[in-house]
Amino acid sequence: MKMQKNSFISRSVHNLKPSGIRKFFDLAANMEGVISLGVGEPDFVTSWTVREAAILSLEQGYTSYTANAGLIELRESISSYMSNRYDVQYNPKEEIIVTVGASQALDIALRAIVDPGDEVIVVEPSFVSYVPLVQLAGGVAVTVETKPENGFKLLPEELEAAITPKTKAILLCSPNNPTGTVLGKADLQALAKVVREHDLVVLSDEIYSELSYDEQHVSIASLEGMKERTIVINGFSKGFAMTGWRLGFLCAPADITNAMLKIHQYTMMCASTPAQYAALEALENGMDDLQEMKRSYRHRRYYFVDSLNEAGLECKTPGGAFYAFPSIKSTGLTSEEFAEKLLLEEKVAVVPGNVFGKGGEGHIRCSYASSMEQLQEAIKRIKRFTHNN
Ligand code: PLP
């Protein structure tokens, strides 16, 4: 039966496509013995000291709102972190907002800069929220495909070709979800030159910044002439294994921060207070635990990527995040067929690449943030599957 359009629902929401990832989770949730490589989150529990800091804040009775932009101590700590780790200076009083995850940060950043009809360039394959968030902000998402032969890196000439007089901004994500691609300094410099020439804004999603395995993460905001036109989006979900705490942050020049803060104060008031105390502890004392988690992902990355190649699924070693994005073209199946068959025949859940937009077809996304035992069992099943298909 065709879904009736409910006239109560706004056109912009009615026209949004549901996330393609959900379909596979729903299928997998009703099956027993499934190994899920589908979810995009760390398999670690948040460090105990971080959890303890939140408990302590509750014991001390810190249960009221914080400043709209977040606890000043936390903003100061974020400011030092951005300076020490990524060599870019932000004034904690007027250039940083603590948000409800990187998700809310992306939402308010887009709403603060997009006028109806403005074009925002989205580099695909991309995180599934980007296009819908641009559309909800009233913008037009212009998707640009990156190619496996370029390591899924956006080339400056590809960016140049996508720019029109209506282009307002570009959304970049490094390390990338779903490809794991890391944009190094030279890549970013080449893109930044085009951005400056066309007077664009960069929304730089750096949520995986701490999970860059082969080179130090570079924030595009740290490049010459870029801080004034960049909104950095980051948070605690991935590096610090804090997805459920819902805590992220934004760094941007004061006038843009002020605009984003207007939306934030009317729609969110502030991020959760205990979560902010937890995040403060994570930044102040959580770096050793983070490095340990990172070492563990790196170790699993080597095993998993080598094994996918052995299974006949060509996969380059991704530089960051915790995703492998192998090609499944050797099987002759589409990504959806592959993912569905693999789930039904071998009970391994992966995400078909087509849900990440252009350039994703012919690939699957597998998260290797699972235990070694689970990964080994998943590989055994994938090898059997590719052998039989
Ligand atoms: N950006 C990217 C690229 C992501 O992969 C995710 C989560 O998967 C987010 C943003 C959202 O992160 P958060 O949990 O901080 O809202």
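Taking the conditions (1) at pLDDT 95 or above; (2) open to solvent by 40 Å² or more (accessible area, probe 1.4 Å); (3) not in a loop (DSSP other than H, G, I, E, B) in turn, ASP26 satisfies each one other than (1). Being of a type in the set (Asp, Glu), touching a Lys or Arg at 6+ places or on another chain (Cβ under 9 Å) and either within 16 Å of the ligand (Cβ to nearest atom) or at pLDDT 95 or above (or both) is the requirement here; does GLU52 meet it? For GLU52, the condition - of a type in the set (Asp, Glu), touching a Lys or Arg at 6+ places or on another chain (Cβ under 9 Å) and either within 16 Å of the ligand (Cβ to nearest atom) or at pLDDT 95 or above (or both) - is not met.
Within this structure, GLY33 passes the test of being in contact with a Lys or Arg (Cβ under 9 Å, 6 or more places away or on another chain), outside the structural domain of LEU159 (by TED's automatic domain parsing), surrounded by fewer than 20 Cβ atoms within 10 Å (Cβ to Cβ) and not in a helix (DSSP H, G or I). Among the residues of the range 240-256, those that are surrounded by 24 or more Cβ atoms within 10 Å (Cβ to Cβ) and farther than 20 Å from THR273 by Cβ comprise CYS251, ALA252. Filter the range 343-372 for residues that are open to solvent by 10 Å² or more (accessible area, probe 1.4 Å), assigned to a helix (DSSP H, G or I) and over 29 Å from VAL122 (Cα atoms) and give the result. Selection gives LEU344, GLU345, GLU346, MET372. For the range 121-141, a residue qualifies if it is more than 12 Å from the ligand (Cβ to nearest atom) and among the hydrophobic types (A, V, I, L, M, F, W, C), and the qualifying residues are ILE121, VAL131, VAL134, LEU136, ALA137, VAL140, ALA141.
Of all residues in the range 112-139, those that are crowded, with 19+ Cβ neighbours inside 10 Å and more than 25 Å from VAL39 (Cα to Cα) total 8. Taking the range 194-215 as the search range and keeping residues that are farther than 18 Å from TYR302 by Cα and away from the ligand (no atom under 16 Å from the Cβ), which one is surrounded by the most Cβ atoms within 10 Å (Cβ to Cβ)? Across the range 194-215, the extreme among qualifying residues is VAL195. Residues in the range 88-96: is at least one among the β-branched types (Val, Ile, Thr), in the same structural domain as PHE325 (by TED's automatic domain parsing) and either touching a Pro at 6+ places or on another chain (Cβ under 7 Å) or open to solvent by less than 90 Å² (accessible area, probe 1.4 Å) (or both)? No, there is no match, as no residue in the range 88-96 is among the β-branched types (Val, Ile, Thr), in the same structural domain as PHE325 (by TED's automatic domain parsing) and either touching a Pro at 6+ places or on another chain (Cβ under 7 Å) or open to solvent by less than 90 Å² (accessible area, probe 1.4 Å) (or both).
The values are calculated or read from the model by the stated rules, or taken from the named source; none is laboratory data. What you are looking at is a predicted structure, and each value in this text was computed from that prediction instead of being measured. When we count neighbours, we look across all protein chains shown, and the Cβ atoms used for this are built from the backbone with ideal geometry, even at glycine. Quick note on the areas: whole protein, heavy atoms, side chains included, nothing else; ligands and nucleic acids left out. Shrake-Rupley method; radii C 1.70, N 1.55, O 1.52, S 1.80 Å.
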